[in-house]
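See below for the structure under consideration.
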Amino acid sequence: MPLALLALAVSAFGIGTTEFVMMGLLPNVAGDLHTSVPTAGYLVSAYALGVVVGAPLLAALGARLPRKLMLVLLMVLFTIGNLASALAPTFGLLVAARVLAGLPHGAFFGVGSVVAAQLAARGRQARAVATMFLGLTVANVVGVPTATLLGQHLGWRATFLVVAGIGVLAVGALALLVPPIAREEGAGLAHEVRALGAPQVLLALLTAVFGFAGVFAVYSYLASMSTEVTGFSETSVTLVLALFGTGMTLGALAAGRLTDRAPRATLYGSLGALAVVLVLFDFAVHVKWAALVTVVLLGAVGFMTTTPLQMLVMHKARHAPTLAAASNHSAFNLANAGGAWLGGAAIAAGWGWTSPTLVGAALAVVGLAIAVTAGALDRDSGSRVVAGAHLEHVPQHQDAETAGHA
């Protein structure tokens, strides 16, 4: 594994930790800043807003920058956002700091995915992208629980100081380990926007919005289901969330290899499996051991959708993949917000704590239908995704360095 992938994974670990840790610190933040927990919940939305806005905006602004420099600058902004979160004296300034911390999220994963694919040997590009995403999944297993405990014992500000420290480490790792990678000729904002507007790219983004919303319709209320339905104590919720993160890690490991072989089949299979697992969870949630097993499966099949979607977007926008790849993370965060809203609406309507599982299953089926439609249109147009050739027109690392020295 190239050491550059380790630098990308460390960065992803920091991003994943700061994205999800706020959910466990809401009572601490609310008490310290004299507000209610529901109001403090806006801090989660603020970060998601930063991701949705920042992904296409920063990717577009950095369209002509060398990719290594872009990665470093994005992690510097991430570090500043988390440091500002730690030092924010008022709730309003903390909201602003969370938006700032979220801005580089999608752009980093967009640029990082392209860099990871360029560094990999042909036929192993999806595995390289999945390796970067492993940092995000490990954050849910190790980073978020550890950072939550730290915040509960030393104060929530200490958590964001530590995350800012991870950001500093990531900046150094990127600067030292990622090689210079030249941009393709003609790369620029207009080129990126045209690639983003391709019908197959838009269909892939729409698949992400609906398909991944199925995951967050349930994940957003997993803690409440665990205590209200399954009968776990509040102290056991950390274990449930860690098992979900373990499933995500297993899904990421499997998705890279499967996507390199058959990207569309992997996407169809993961979305179909997601719908099935969500229906099963409606029954399994009532039995403790079954609920724990299904939580792992949910994390695995849910996260298996991310790598094939990322690779499909990059392939279909292969002449200018950065903006499209970054926008894919805006789509994932729209899925986060939309899934949580629909799951909450089902509970508020009196359908019960387990109703988000069936809402999520329906969303996954819609995502699968869009993906299958995109695949059928792809075959009709005579342009299909071939395993091992996802970025056939994006130069590999060796070619890029040669171009950089020409």
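The values are calculated or read from the model by the stated rules, or taken from the named source; none is laboratory data. Keep in mind that this is a model prediction, so the values were computed, not measured. For neighbour counting, all protein chains shown are included, and Cβ atoms are generated from backbone atoms with ideal geometry for every residue, glycine included. Ligands, DNA and RNA are excluded from the accessible area calculation, which covers all protein heavy atoms including side chains. Shrake-Rupley method; radii C 1.70, N 1.55, O 1.52, S 1.80 Å.
Worth pointing out:
- Reported count of residues in segment 6-20, each being open to solvent by less than 10 Å² (accessible area, probe 1.4 Å) and over 14 Å from the mean Cα position of the chain (by Cα), is 1.
- Selected residue (criterion: modelled with the highest pLDDT) from residues of segment 100-117 that are crowded, with 24+ Cβ neighbours inside 10 Å and more than 16 Å from the chain's Cα centre (by Cα): VAL115
- Qualifying residue in segment 176-189 (condition: in contact with a helix residue (DSSP H, G or I) (Cβ under 7 Å, 6 or more places away or on another chain), in a helix (DSSP H, G or I) and modelled with pLDDT under 90): yes
- Within segment 25-58, tally of residues that are in a helix (DSSP H, G or I) and open to solvent by 30 Å² or more (accessible area, probe 1.4 Å): 16
- Residues of segment 297-319 that are surrounded by fewer than 24 Cβ atoms within 10 Å (Cβ to Cβ) and either modelled with pLDDT under 80 or in contact with a strand residue (DSSP E or B) (Cβ under 6 Å, 6 or more places away or on another chain) (or both): ARG318, HIS319.
- Of all residues in segment 256-269, those being at pLDDT 90 or above, out of contact with any His (no Cβ under 9 Å at 6 or more places or on another chain) and surrounded by 24 or more Cβ atoms within 10 Å (Cβ to Cβ) number 2.
- Qualifying residue in segment 71-81 (condition: touching a helix residue (DSSP H, G or I) at 6+ places or on another chain (Cβ under 8 Å) and of a type outside the set (A, V, I, L, M, F, W, C)): yes
- Cβ-Cβ under 8 Å pairs, at least 6 apart or on other chains, segment 90-105 side closer than 18 Å to ASN336 by Cα and in a helix (DSSP H, G or I), far side aromatic (Phe, Trp, Tyr) and at pLDDT 95 or above: ALA101/PHE78; PRO104/PHE78; HIS105/PHE78
- The set of residues from segment 224-236 being buried (at least 18 other Cβ atoms within 10 Å of the Cβ) and not in a loop (DSSP other than H, G, I, E, B) comprises MET225, SER226, THR230.
- Any hit, segment 212-222, residues being among the aliphatic types (A, V, I, L, M), within 30 Å of VAL115 (Cα to Cα) and open to solvent by less than 40 Å² (accessible area, probe 1.4 Å): yes
- Any hit, segment 281-289, residues being within 25 Å of VAL240 (Cα to Cα), of a type in the set (Gly, Ala, Ser) and crowded, with 24+ Cβ neighbours inside 10 Å: no
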